[in-house]
Amino acid sequence: MNGFKTLLWREWRSAWGWAVGLIVSLGGWTTVVISIQTGQPEDRFILRTLVLFAAGIVGMIILAFMAGRLHQEMKRGENRILILSPVRGWVHIVTRLALPVGVGWAYLIGLGIIEWWAFGRLGAHLGTADVLQLALAYPSFIAIVFVLPSLAWVLLLVMFVSAFRLSRLGWLAAVAMFVGTPTSLIYSGVNTLDHHLPTWHFTAGVTAAMREFGMEGSIPVPRIVHSGDIVGAILLTMLLVFLAGRLWEEVEG
Amino acid sequence: MIAAMRNVTKLYGRNYGVRNLNLTLPAGEVVGLLGVNGSGKTTVLKLLAGLLVPTSGEVSVLGAPPRHNRARIAFLGETDALYRWMNPRDAERLMSGLYPDFRPARYRDLLDQLRVPGVKAGAMSKGERMRLRLAMSLARDALLYLFDEPLGGIDLVSRERIIRSLVAEWRTDATVIVATHAVAESEGLFDRVVFLDRGELVLDARAEDLRAQGKSVRATFLEVLG
C-alpha cells in the first residue's frame with residue numbers, strides 16, 4: 001500500500017487532459033507571439049510581453065479549475081472511496097496540489113522560453129545567466145510564490161464549500177476564513193525577517209531584456225526578490241494544506 | 001463486539017435522521033436493516049461508516065469512533081460513485097493503494113463470479129457498476145461490511161449473483177449489515193433483522209425466532225411497518 005503514489009496516479013488519470021491541454025496551449029501562445037509583426041521592436045516587445053502575461057493569467061485560471069474539480073467529485077460522491085480510506089487527509093490534498101503545481105511550473109517555464117525566443121527574434125542579446133534567470137529562475141519563483149499558495153487556497157476553499165455540513169469542528173471554519181484573507185499575516189510576519197535572509201536576482205533576465213530595448217524602468221519589475229516571499233509562500237501553503245487536510249478528515253458524506 | 005450505537009440521534013436541520021437509537025452488533029452476524037423510504041437506514045449505515053457524525057450519542061466500531069477504524073470498515077453506498085474513467089483494473093490499483101486489507105486475487109475471483117466487464121465504469125450498466133463496487137468491497141478483509149441497497153435497481157440475474165457472493169463471503173469474525181427494500185429476495189441471508197420507522201427502532205429480532213413463530217421476514221415487515 002502506497003497511498004501517496006496511488007493518489008498521485010489517480011490525480012493524473014483524472015486530470016491528464018487538463019495537463020496536456022495546458023502544455024499544448026503553449027504552441028498557440030507561440031503562434032500569437034509570432035503573429036505580432038507590426039510596429040517598432042519596442043512596441044512589439046511590449047505587445048509580446050503583454051500576450052505572455054495574459055497567457056500566464058489564463059493558465060492560472062485553468063489551473064484553478066483543475067484543482068477545483070474536487071468540488072464536482074464531492075458532489076457526485078466519487079471521492080467517497082477516498083474519504084473512507086485510512087490515508088490521512090493532508091496526503092489527499094498534497095497529491096491534488098502536486099499535479100496542477102507541477103503542470104503550472106512547466107507551463108511558466110514554457111512561457112519563459114517563448115519570451116526568450118521572442119526577444120531574440122527582436123534582436124535582444126542576453127547572456128547565459130540572464131537567459132537562465134528569464135526562462136528558469138523567474139518562472140520558478142512565480143510558481144512558488146504565486147501558483148503554489150493560490151492553488152492550495154483553491155483547495156481549501158473547495159473543501160470548505162463542500163464541507164458545509166461540517167461536524168463538531170465549527171472552529172475550523174473560522175480559522176479557514178481567517179487564513180483566507182488576501183493579505184495573510186504570515187506574509188507580513190515573514191517579510192519583517194527579510195533583511196536577515198538572502199535576496200535573489202531572478203528578474204535579471206527580464207530587466208536585461210528591457211535594457212536591450214531601452215525600456216528599463218518603464219515596467220515596474222523588482223530588481224531583486226526577497227527570500228521572505230518564498231518562505232512565506234511555502235509556510236502559507238503548508239498551513240492551507242493542513243487545514244484542507246483536516247477538513248477532508250471531518251467532512252460528512 | 002464489532003460495533004455499537006448508544007442513544008444515537010442524528011438531526012438534519014430540524015428533521016430526525018435517527019432518534020435515540022441503541023444497537024449492538026456482535027461478530028458473525030448478517031443483519032438486515034429494514035424500513036420504508038426515509039426510515040433512517042442509510043443514516044445508520046453512514047453513522048457506522050463514519051461518513052456522518054451523530055448529533056448526540058455515541059457510535060463505536062471496535063471500541064473507537066468509526067473514523068479511527070476506517071481500515072476495518074467496508075461501505076457500499078447506494079449512490080453510484082465510481083470515476084467514469086475507471087475500469088476494473090484501475091479500481092484494483094486504487095483499492096490496493098488505499099486499503100491495506102484489499103486482496104487482489106479475491107477481487108479478480110469476484111469479478112469473474114459477478115461477471116463484471118473489463119470496460120470503463122462510464123460504459124457499464126447500473127447493475128454492472130454495482131457488481132464492480134460489490135467486488136471492490138467484498139475483496140477487503142474488513143470486520144464491518146455495510147451495504148446500502150446492494151440490490152436496488154438491479155435485474156434479477158444480477159441480484160442472484162450478488163446474493164450468492166454475499167453468502168459465499170460470510171465470515172464468523174465479521175459483521176455484515178444490509179439495508180434493503182428487497183426483503184423477500186434477501187431474507188434468507190439474515191441472522192437478525194432490525195426494523196426502523198422514521199428514525200426509530202421498532203423491532204430487533206432474530207430471523208430464526210420469527211420463523212419459529214411461523215412468520216417470514218417479509219410478513220413481519222408488512223405487519224410492523226405496513
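Quick look at the numbers
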| read-out | value |
| --- | --- |
| Tally of residues being more than 11 Å from chain B (Cβ to nearest Cβ) and of a type in the set (G, A, S) across the range A:1-44 | 7 |
| Residues being crowded, with 19+ Cβ neighbours inside 10 Å and either over 16 Å from the mean Cα position of the chain (by Cα) or within 7 Å of chain A (Cβ to nearest Cβ) (or both) - total across the range B:74-86 | 5 |
| Among (1) among the acidic types (D, E); (2) at pLDDT below 95; (3) touching a Pro at 6+ places or on another chain (Cβ under 9 Å) - the single one B:E58 does not satisfy | (2) |
| Residue check, B:L146 over 16 Å from the mean Cα position of the chain (by Cα) and in contact (Cβ under 8 Å) with a residue 40 or more places away in the chain | no |
| B:G57 being among the small types (G, A, S), surrounded by fewer than 19 Cβ atoms within 10 Å (Cβ to Cβ) and more than 30 Å from A:K5 (Cα to Cα) | yes |
| Cβ pairs under 8 Å, 6+ apart, first in the range A:114-131 and of a type in the set (G, A, S), second assigned to a loop (DSSP other than H, G, I, E, B) and modelled with pLDDT under 80 | A:G120/A:L126; A:A124/A:F213 |
| Residues being touching a residue at least 40 places away in the same chain (Cβ under 8 Å) and in contact with a Lys or Arg (Cβ under 7 Å, 6 or more places away or on another chain) - total across the range B:192-226 | 5 |
| Which numbered condition B:N20 misses (of (1) within 13 Å of chain A (Cβ to nearest Cβ); (2) farther than 29 Å from B:S125 by Cβ; (3) outside any helix (DSSP H, G or I)) | (1) |
| Long-range neighbours under 6 Å by Cβ, at least six apart or interchain, first residue within 15 Å of B:L76 (Cβ to Cβ) within the range B:176-189, second of a type outside the set (F, W, Y) and assigned to a strand (DSSP E or B) | B:V176/B:V30; B:I177/B:V31; B:I177/B:L33; B:I177/B:L146; B:V178/B:G32; B:A179/B:L33; B:A179/B:D148; B:L189/B:V30 |
| Conditions (1) surrounded by 21 or more Cβ atoms within 10 Å (Cβ to Cβ); (2) small (G, A, S); (3) more than 30 Å from B:N69 (Cβ to Cβ); number of the one not met by A:A152 | (3) |
| Residue in the range A:76-92 that is buried (at least 22 other Cβ atoms within 10 Å of the Cβ), away from every other protein chain (no Cβ under 14 Å) and in a helix (DSSP H, G or I) present | no |
| Residue in the range A:55-70 that is surrounded by 19 or more Cβ atoms within 10 Å (Cβ to Cβ) and either touching a strand residue (DSSP E or B) at 6+ places or on another chain (Cβ under 6 Å) or within 14 Å of chain B (Cβ to nearest Cβ) (or both) present | yes |
| Residue that is modelled with the lowest pLDDT, among those in the range A:1-42 that are more than 24 Å from the chain's Cα centre (by Cα) and either assigned to a loop (DSSP other than H, G, I, E, B) or acidic (D, E) (or both) | A:M1 |
| Residues within the range B:88-100 that are in contact with a Leu (Cβ under 9 Å, 6 or more places away or on another chain) and either free of Cβ contacts under 8 Å to residues at least 24 places away in the same chain or within 12 Å of another protein chain (Cβ to nearest Cβ) (or both), tallied | 6 |
| Filter result (without any contact (Cβ under 8 Å) to a residue 60 or more places away in the chain, aliphatic (A, V, I, L, M) and crowded, with 22+ Cβ neighbours inside 10 Å) within the range B:6-54 | B:V8, B:L47, B:L51, B:L52 |
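The values are calculated or read from the model by the stated rules, or taken from the named source; none is laboratory data. Owing to the predicted nature of the structure, the values given are computational and were not obtained by experimental measurement. Please note: Cβ atoms are built from the backbone with ideal geometry, for glycine as well, and neighbour counts cover all protein chains shown.
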